[in-house]
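The values are calculated or read from the model by the stated rules, or taken from the named source; none is laboratory data. Because the structure is a prediction, the values reported are computed rather than measured. Positions of Cβ are backbone-derived with ideal geometry, glycine not excepted, and every protein chain shown enters the neighbour counts.
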Amino acid sequence: MSVSWKTAVGAELLEAERIRLVNIVSSFRGHQRPVFVNIGVYRCASMYCLRAGAPRARIVGVDIKKPVGKVHPGLKAEFIIADSRTCYFDDPVHFVFVDGDHHYQSVKADIVNWAPKIVPGGVIAFHDYAPTAKNLKRRPHLAGVKRAVDEWAAVTNWRRSKIVESLICFQRPK
């Protein structure tokens, strides 16, 4: 693929976050064909990271709109144009990246809809969990991510990872 996951359009996804995504999905390379779901596609920057980390994975982007701009054919991804909060997806999932609607109710609904689909040992990651003060001032609804994630984390036994920039991940117990 000639589009670099490090430079794919999407300034909101920082280099350290891109590296973290690649590293997470790389851990699933032992699986025959892991399934990764990317909620909130926009310009596909995070999807390029998923592809770079797992060349044989099935990657599915879920968004209410088509991706902005041209999608490189080397991405080899499926796109579901639907609301992630209510989207029907029956296959077991190894990794879910939540970066769609950042309002509290939407993030909470994404957790309810997608966390149960994740296989034991699978991972759910949330972008904009720790936005900068500048980002919060410009987009105050980003605070909804942290609130929804923290409420869920308080009642789950999933293992929390360290925060990388504004990305936090949780691994389902095996």
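Quick one: which of L167, L142, L136 is at pLDDT below 95, farther than 15 Å from V35 by Cβ and under 16 Å from the mean Cα position of the chain (by Cα)?
L142
Conditions (1) over 25 Å from H31 (Cα atoms); (2) modelled with pLDDT of 95 or more; (3) of a type in the set (K, R), marked per residue:
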| site | (1), (2), (3) |
| --- | --- |
| I81 | yes, yes, no |
| F89 | no, yes, no |
| H103 | yes, yes, no |
| W114 | no, yes, no |
| K117 | no, yes, yes |
| P131 | yes, no, no |
| A153 | yes, yes, no |
| R160 | no, yes, yes |
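Which of the strands (runs of 3 or more DSSP E) found entirely inside the stretch 55-140 contain at least 2 residues meeting this: surrounded by 21 or more Cβ atoms within 10 Å (Cβ to Cβ) and of a type in the set (G, A, S)?
Result: 118-127.
Let me confirm something: among Y88, Y48, which residue is among the hydroxyl-bearing types (S, T, Y) and touching a residue at least 24 places away in the same chain (Cβ under 8 Å)?
That would be Y48, the only listed residue that is among the hydroxyl-bearing types (S, T, Y) and touching a residue at least 24 places away in the same chain (Cβ under 8 Å).
How about the stretch 148-174: which of its residues are assigned to a helix (DSSP H, G or I) and surrounded by 12 or more Cβ atoms within 10 Å (Cβ to Cβ)?
Matches in the stretch 148-174: A148, V149, E151, W152, A153.
Exactly one condition in (1) modelled with pLDDT of 95 or more; (2) surrounded by 21 or more Cβ atoms within 10 Å (Cβ to Cβ); (3) closer than 21 Å to L167 by Cα is false for A45; which is it?
The single condition A45 does not satisfy is (1).
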